[in-house]
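Below is one structure, written out as structure tokens, with a few remarks after it.
The values are calculated or read from the model by the stated rules, or taken from the named source; none is laboratory data. Not measured: the values here are computed from a predicted model. Neighbour counts run over all protein chains shown; Cβ positions are idealised from the backbone, glycine included.
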Number of protein chains: 4
Amino acid sequence: MIRVLVWNEYEHEKKEEAVRAIYPAGIHNAIADFLRAEDVTVRTATLDDPECGLTWEVLRETDVLLWWGHHRHGDVPDEVAQRVQEAVLQGMGAIFLHSAHKAKPFMRLMGTSCDLVWREIGERERLWVTAPNHPITQGIHGFVDIPHEEMYGEYFHIPQPDEQIFIGWYQGGEVFRSGCCYNRGYGRVFYFQPGHETFPIYHQPEIQTILKNAVRWAAPASRIDALGCIHRETPLEQI
Amino acid sequence: MIRVLVWNEYEHEKKEEAVRAIYPAGIHNAIADFLRAEDVTVRTATLDDPECGLTWEVLRETDVLLWWGHHRHGDVPDEVAQRVQEAVLQGMGAIFLHSAHKAKPFMRLMGTSCDLVWREIGERERLWVTAPNHPITQGIHGFVDIPHEEMYGEYFHIPQPDEQIFIGWYQGGEVFRSGCCYNRGYGRVFYFQPGHETFPIYHQPEIQTILKNAVRWAAPASRIDALGCIHRETPLEQI
Amino acid sequence: MIRVLVWNEYEHEKKEEAVRAIYPAGIHNAIADFLRAEDVTVRTATLDDPECGLTWEVLRETDVLLWWGHHRHGDVPDEVAQRVQEAVLQGMGAIFLHSAHKAKPFMRLMGTSCDLVWREIGERERLWVTAPNHPITQGIHGFVDIPHEEMYGEYFHIPQPDEQIFIGWYQGGEVFRSGCCYNRGYGRVFYFQPGHETFPIYHQPEIQTILKNAVRWAAPASRIDALGCIHRETPLEQI
Amino acid sequence: MIRVLVWNEYEHEKKEEAVRAIYPAGIHNAIADFLRAEDVTVRTATLDDPECGLTWEVLRETDVLLWWGHHRHGDVPDEVAQRVQEAVLQGMGAIFLHSAHKAKPFMRLMGTSCDLVWREIGERERLWVTAPNHPITQGIHGFVDIPHEEMYGEYFHIPQPDEQIFIGWYQGGEVFRSGCCYNRGYGRVFYFQPGHETFPIYHQPEIQTILKNAVRWAAPASRIDALGCIHRETPLEQI
């Protein structure tokens, strides 16, 4: 059983009718609904929950965390961001969606500014598969067309991904490393560009396929309980 | 001209006579002395300098920063650590030495805990070249023997290096990814394991060759003035 | 169901009693025996079979190929080597064992000479895990001791692995990149150092665990029928 | 002094007036002309030269080889292709241009089929920098527009590059990993997509800047005389 937690800032949906029309119960519930499966349980949490809904108790019972945030990254307390980072390093999978490129836990895990170039005119994105043998790209044949998306362009200030599995093409002339896989400690991290709140991108079947695949890929093979250096006083060999 | 800054915690040398005997003017000055060259200027800074000697003014005039720290990582203020991280992302090179694996700027740049296994019995380390075509390994033929070193062993909690150029063998039975190259934003980062304070490792000619090479490799090709996302309102293509 | 084919040069076992004592039915059958499972079927093939037992018909029905060879790499016809390479690029997994570092299909897939340094005095190897979250290292806690092994040392002329999951320590003073994962086309490739024919290494439970894991990791997510460039005459966008 | 050899199939320019109009002395001479510098000597060779102009004598005196080929890849003898591959593994730099993705030495160095998707309608390519700190991208600010180019699209059957420094955007809707850096043995390899023969792409100043940079990047730091495994009979440590 894979235990998923979908975290959402949950601000646009409450304040903007256009967004609420697409995601009446919030982006988190839309994602939770299609991720649920016989062997996948899904819970949700939001920014305004106590401790953002991200206590150690919750994180220890989470195999894969999905994160959607945008305007209120700064309202996530540093200690919560650090806790999420540590949980990943101990083995929890993490999938950062769209504008979560500037989410505190993602920036901490990358070590870079995660800055990019952007434009919001609803142009077309075409997501190209550059790793057809990767578990996350299974079921996707060559590319995915996203009719309207916010443009995110290079240079994207990230470490070179361990595996670059999608590259995005934009109608307005840019490219973007739209699907990036990382190993960080015992955990796996996937950054996935699509998902601007004003377009029904998470209702698109191919995007759902990718996220379902990503959850299985990010589920931990093994976990540790704590971090810390280890003193091995006695050498393994006679000296 | 490459402008180098050698930063040292500078604690062991003041408190422990055994260390002072090896590095009478401090590790920073020992390193500064052999790095100086016709086209390399070197300054030093230490933990107890105001702002740790690491103001923006200093960092902007530094091409490559070398960092040695051990017991007092926690005394480097977070804002100084963040400043160093940002300077690297803007292009400054950074070389983290030995126990600087737990230095705040290094941990921030890696995004991982940088934990490892250690033992301090002064065993032999043999440093193997695994990238003989890399600029940093030039002049090193196959391996370097370090007669006495603190053991640092796997699992080392770091992101897989962009280039793994040295792997360390230890007499007591461990291995370690002892030389690791990373690109982070516009900057280059080199982690180099050797350099426990109680052994005269930085007096060893091969180690000096490696660090001289590393300074040239880490010197920035180009730099930016600031980080931040960029809004490109007008598409490059007609839509 | 994962369909495995274990290929063996099968020369030492026939000619040398010491090897036959360890592997009476050949290395291929020893490996086949522990790989068989409810969802894993295993066949074997050897150098002296017609076409080395590696026709397209066989390769098309093979999900993962394991390869052990040593003295007679040159007797594998180039067209067989090319066929195996193509099958991997089309999705078949391949696991190259020990002296298969100089097997023709491995060298073709790497593009490098795959040369290394070696010594055969039966010294101890200690295999360190450097990727504890990788599917292949599951069940291995920190390291594996191999009491007697042929030494393979750096510099190993291979491309930097996509994932470096084991590093070997040798009693005689060397290190080696003993476990290396690669993606090549639609296929996955694992090189695994242990397995000199005069030591009972494939009877060791940890080695068996690693190879069982490797088979599951290397099994194809998807496959293609043929290679070749594709002409897409009509642009996807109006020009 | 960097000794460059520009190799060209030299077929289109002789047979097609449209190509000759752009490159009257052949693509090789056009490239040679802008690469020449105070510290760079440049020679040329073509397919119809004896041994393709690529004897060991020539390769031993070449620091960086540039390769342009298209219709007649098959006419390069296998022994010449193998010689070039070996020279790279021994340290010679190699830059493969445009349709040289299917050149025999490149395919041998990659180990994959190097297939791709293509279309020849002269659409616009925009080359995006994804590694602004890389020596090859210096002097290029964000992107390069190529008014007319043959489209090369994903999936490109190559190993994931050691450094992905350019990604191409195409007007017709595709993306391509247009600038790829590899380390292979002691040598460095750069694949660079631009350069279809019917467009004056090598006359474009930014393209010339990139190739000048690439020559300096690919020039060997060190070289070896021969390949081959090495027998080190005596352990470095007492056993």
With (1) more than 19 Å from D:Trp68 (Cβ to Cβ); (2) of a type outside the set (Ser, Thr, Tyr); (3) out of contact with any Gly (no Cβ under 8 Å at 6 or more places or on another chain) as the list, and D:Cys181 as the residue in question, which single condition is left unmet?
(1)
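Looking only at the range B:1-42, filter to residues that are aromatic (Phe, Trp, Tyr) and within 17 Å of the chain's Cα centre (by Cα); which one of those is nearest to B:Thr198 (Cα to Cα)?
Filtering the range B:1-42 for residues aromatic (Phe, Trp, Tyr) gives B:7, B:10, B:23, B:34.
Within this subset, residues satisfying the condition of being within 17 Å of the chain's Cα centre (by Cα) are B:7, B:10, B:34.
On the way: B:Trp7: 18, B:Tyr10: 13, B:Phe34: 19 Å.
For the range B:1-42, the residue satisfying everything is B:Tyr10.
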Tell me, yes or no, whether the range B:203-210 has at least one residue that is of a type in the set (Asp, Glu), assigned to a loop (DSSP other than H, G, I, E, B) and either free of Cβ contacts under 8 Å to residues at least 40 places away in the same chain or over 25 Å from B:Lys104 (Cβ atoms) (or both).
no
Of (1) away from chain B (no Cβ under 14 Å); (2) among the acidic types (Asp, Glu); (3) in contact with a Phe, Trp or Tyr (Cβ under 8 Å, 6 or more places away or on another chain); (4) assigned to a strand (DSSP E or B), A:Glu197 fails just (4)
Could you tell me whether any residue of the range B:87-108 is within 22 Å of B:Gly195 (Cα to Cα), facing another protein chain (nearest Cβ under 7 Å) and in contact (Cβ under 8 Å) with a residue 40 or more places away in the chain?
no
Unmet criterion (only one of (1) surrounded by 23 or more Cβ atoms within 10 Å (Cβ to Cβ); (2) within 24 Å of B:Phe106 (Cβ to Cβ); (3) among the small types (Gly, Ala, Ser)) for A:Gly153:
(2)
Name the residues in the range A:156-199 that are over 17 Å from the mean Cα position of the chain (by Cα) and without any contact (Cβ under 8 Å) to a residue 40 or more places away in the chain, would you?
A:Gly173, A:Val175
Can you pull out the residues in the range C:116-135 that are surrounded by 20 or more Cβ atoms within 10 Å (Cβ to Cβ) and farther than 25 Å from A:Leu236 by Cα?
C:Leu116
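Quick one: which residue in B:Pro220, B:Pro235 is in contact with an Asp or Glu (Cβ under 8 Å, 6 or more places away or on another chain), more than 30 Å from D:Gln171 (Cβ to Cβ) and assigned to a loop (DSSP other than H, G, I, E, B)?
Numbers: B:Pro235 fails: more than 30 Å from D:Gln171 (Cβ to Cβ).
Residue meeting the stated conditions: B:Pro220.
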Which one of the conditions (1) in contact with a strand residue (DSSP E or B) (Cβ under 6 Å, 6 or more places away or on another chain); (2) surrounded by fewer than 20 Cβ atoms within 10 Å (Cβ to Cβ) does B:Phe106 fail to meet, given that it meets all the rest?
(2)
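Quick one: count up the residues across the range C:162-172 that are surrounded by fewer than 24 Cβ atoms within 10 Å (Cβ to Cβ) and touching an Asp or Glu at 6+ places or on another chain (Cβ under 8 Å). If you could, list the steps in order and put the result at the bottom.
Of the range C:162-172, the ones surrounded by fewer than 24 Cβ atoms within 10 Å (Cβ to Cβ) are C:162-164, C:171-172.
Filter once more, so that each one left must be touching an Asp or Glu at 6+ places or on another chain (Cβ under 8 Å): C:162-163, C:171-172.
Adding up the residues that qualify gives 4.
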Please work out which residue is farthest from the other protein chains (Cβ to nearest Cβ), limiting yourself to the range B:200-237 and to residues that are under 14 Å from the mean Cα position of the chain (by Cα) and polar (S, T, N, Q).
B:Gln208
Subset of the range A:156-185, residues of a type in the set (Val, Ile, Thr), in contact with a helix residue (DSSP H, G or I) (Cβ under 6 Å, 6 or more places away or on another chain) and over 13 Å from A:His134 (Cβ atoms), comes to A:Ile158
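Given the criteria touching a Pro at 6+ places or on another chain (Cβ under 6 Å) and either at pLDDT 95 or above or within 24 Å of C:Ser222 (Cα to Cα) (or both), does C:Ile27 qualify?
Working: touching a Pro at 6+ places or on another chain (Cβ under 6 Å): no; either at pLDDT 95 or above or within 24 Å of C:Ser222 (Cα to Cα) (or both): yes.
Here the answer is no, as C:Ile27 does not meet what is asked.
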Filter result (under 18 Å from the mean Cα position of the chain (by Cα) and touching a residue at least 60 places away in the same chain (Cβ under 8 Å)) within the range B:111-133
B:Leu116, B:Leu127
Tell me which strands (runs of 3 or more DSSP E) are completely within the range C:114-184 and hold 2 or more residues being within 12 Å of chain D (Cβ to nearest Cβ) and hydrophobic (A, V, I, L, M, F, W, C), or say none if there are none.
C:117-129, C:175-184
